[in-house]
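K.L.:
This structure is in structure tokens; I'll ask about it shortly.
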Amino acid sequence: MPEAVEPAFPEGWSDPDYHAAVVDLLGLLALTELVAFERLADDAALAPTLPDKAALAGMAVAEYGHFVVLRDRLEAMGVDPAAAMEPFVAPVEAFHERTAPGDWLEGLVKAYVGDGIGIDFYREITAYVDPATRALVVGVLADTGHAEFVVGRVRAAIAADPRVAGRLALWGRRLVGEALGQAQRVAAERDALSTLLVGGAERPGADLAEMGRMLARLTEAHTRRMAALGLSA
């Protein structure tokens with residue numbers, strides 16, 4: 001049997017609202033991956049050991065690879081990737097300015113906890129997109145090994161000095177609040193993105209009850225991440 005060929009465009013592409021929503025989603029994800037590459041490269045420069053530098057540099061390369069996949073899909077859809085990313089530059093930059101880490105450990109926790117909330121949110125959204133777009137998004141959200149790296153380094157730091165746990169726990173709580181607030185602001189400002197969640201005449205979306213369950217799932221995932229770090233949520 002010949003292998004199935006992935007369609008060039010998602011199902012429902014003739015719907016202009018859905019078209020705009022997918023472009024927004026992929027544009028936001030592309031920018032997120034590009035910024036993740038930049039931040040991991042910066043973290044690698046600050047890493048305390050050569051093995052840490054090498055590990056983070058490898059993860060940065062993987063994130064750039066994810067960006068390239070998204071850029072290429074946008075171009076295949078006839079969309080300028082820079083134009084698709086541009087509406088999200090200001091809110092993403094504002095988020096990172098509000099959550100600038102004070103040291104190496106805070107940077108690690110931010111990458112794991114703050115980015116983790118965003119990843120969970122994007123995965124929730126994939127329930128409302130076509131299979132081709134869902135597969136693309138899930139693929140670029142795959143962990144590059146960063147989670148295991150961060151958990152190991154943070155737990156080792158707490159074992160060496162238990163006093164850092166309290167500070168990092170407070171930092172993690174701040175990050176989740178900022179991340180959820182950013183997601184709400186972006187969704188409110190971009191009607192196209194909101195349509196993915198609320199749906200339309202031909203595409204069912206999430207009702208208020210499902211929105212509540214989604215928020216509960218995001219909160220539970222955050223609690224699990226904090227526990228993996230040895231921190232209280």
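K.L.:
Considering only Leu50, Leu31, Leu136, give the residue with the highest GNM mean-square fluctuation for the chain, with springs between Cα atoms whenever their separation is below 10 Å.
P.N.:
Greatest mean-square fluctuation among the candidates belongs to Leu50.
K.L.:
Now, a different point. Report, to the nearest whole %, how much of the accessible area of segment 51-144 belongs to carbon and sulfur atoms, 1.4 Å probe, protein only.
P.N.:
61 percent
K.L.:
While we're here: Which stretch or stretches of segment 116-140 have amide N atoms under 15 Å from the point lying 7 Å from Ala147's Cα along the Cα→Cβ direction?
P.N.:
Under 15 Å, as judged by backbone N against the label point of Ala147, lie 116-124, 138-140 of segment 116-140.
K.L.:
Please give me, ordered by residue number, the trypsin sites (Lys or Arg not before Pro) of segment 119-183 that lie in loop per DSSP and have at most 13 other Cβ atoms within 10 Å.
P.N.:
Passing sites in segment 119-183 are Arg163.
K.L.:
Oh, and also: Using a simple charge model, +1 on the beta-carbon of Lys and Arg, -1 on the beta-carbon of Asp and Glu, nothing else, what dipole does segment 92-233 show about its Cα centre, in debye to the nearest 20?
P.N.:
So the dipole magnitude of segment 92-233 works out to roughly 480 debye.
K.L.:
Once a ≥ b ≥ c are taken as the square roots of the eigenvalues of the Cα gyration tensor of segment 106-233, is the result rounded (a/c under 1.5), prolate (a/b larger than b/c) or oblate (a/b not larger than b/c)?
P.N.:
In terms of gyration-tensor shape, prolate.
K.L.:
If each of Ala100 and Ala45 carries a label point 7 Å out from its Cα toward its Cβ, how far apart are those two points in nm?
P.N.:
So the label points at Ala100 and Ala45 sit 1.4 nm apart.
K.L.:
Can you check what the net charge comes to around Ala84, using other residues whose Cβ is under 11 Å from the Cβ of Ala84 (Lys, Arg +1; Asp, Glu -1)?
P.N.:
Local charge sum for Ala84: -2.
K.L.:
Also, I was wondering about something else. Could you provide, to the nearest whole Å², the per residue accessible area of the chain with probe 1.4 Å?
P.N.:
Accessible area per residue: 49 Å².
K.L.:
Still on this structure, please answer the following. Which residue, chosen from Val22, Leu170, Val113, occupies the Cα position most advanced towards the positive end of the dipole of the chain, where the dipole is computed from +1 (Lys, Arg) and -1 (Asp, Glu) charges on Cβ about the Cα centre?
P.N.:
Leu170
K.L.:
Among Val186, Gly152, Met77, which residue has its Cα positioned farthest towards the positive end of the charge dipole of the chain, with +1 placed on the Cβ of Lys and Arg, -1 on the Cβ of Asp and Glu, and the dipole taken about the Cα centre?
P.N.:
It is Gly152, whose Cα lies furthest towards the positive end.
K.L.:
For the Cα atoms of the chain, what angle does the longest principal axis make with the long axis of helix 16-46, in degrees from 0 to 90, nearest 10?
P.N.:
Taking Cα atoms only, the helix is inclined about 20 degrees.
K.L.:
Against the longest alpha carbon principal axis of the chain, how many degrees, from 0 to 90 and to the nearest 10, is the axis of helix 164-189 turned?
P.N.:
20 degrees
K.L.:
Which value, in Å³ per residue, describes the convex hull spanned by the Cα atoms of segment 59-114?
P.N.:
90 Å³
K.L.:
Using the C-alpha gyration tensor of the chain, what are the square roots of 5 times its eigenvalues, in whole angstrom, with the largest one first?
P.N.:
32, 21, 16
K.L.:
At most 10 other Cβ atoms within 10 Å plus a DSSP loop assignment makes a site exposed; report the longest stretch of the chain without any exposed GluC sites (Glu not before Pro).
P.N.:
4-201
K.L.:
Calculate for the chain the 222 nm mean residue ellipticity that helices alone would give, adding -39,500 (n - 2.57) per DSSP H run of length 4 or more and normalising by residue count, nearest 500 deg cm²/dmol.
P.N.:
-24000 deg cm²/dmol
K.L.:
If we count every other residue with Cβ under 13 angstrom of Ser232's Cβ, Lys/Arg +1 and Asp/Glu -1, where does the sum land?
P.N.:
Once all neighbours under 13 Å are counted, the net charge is +4.
The values are calculated or read from the model by the stated rules, or taken from the named source; none is laboratory data. None of these values were measured; they are calculated from a predicted model. Using ideal geometry, Cβ is built from the backbone for each residue, glycine included, and neighbour counts are taken over all protein chains shown. Calculation scope for accessible area: heavy atoms of the full protein, side chains included, ligands and nucleic acids excluded. Shrake-Rupley method; radii C 1.70, N 1.55, O 1.52, S 1.80 Å.
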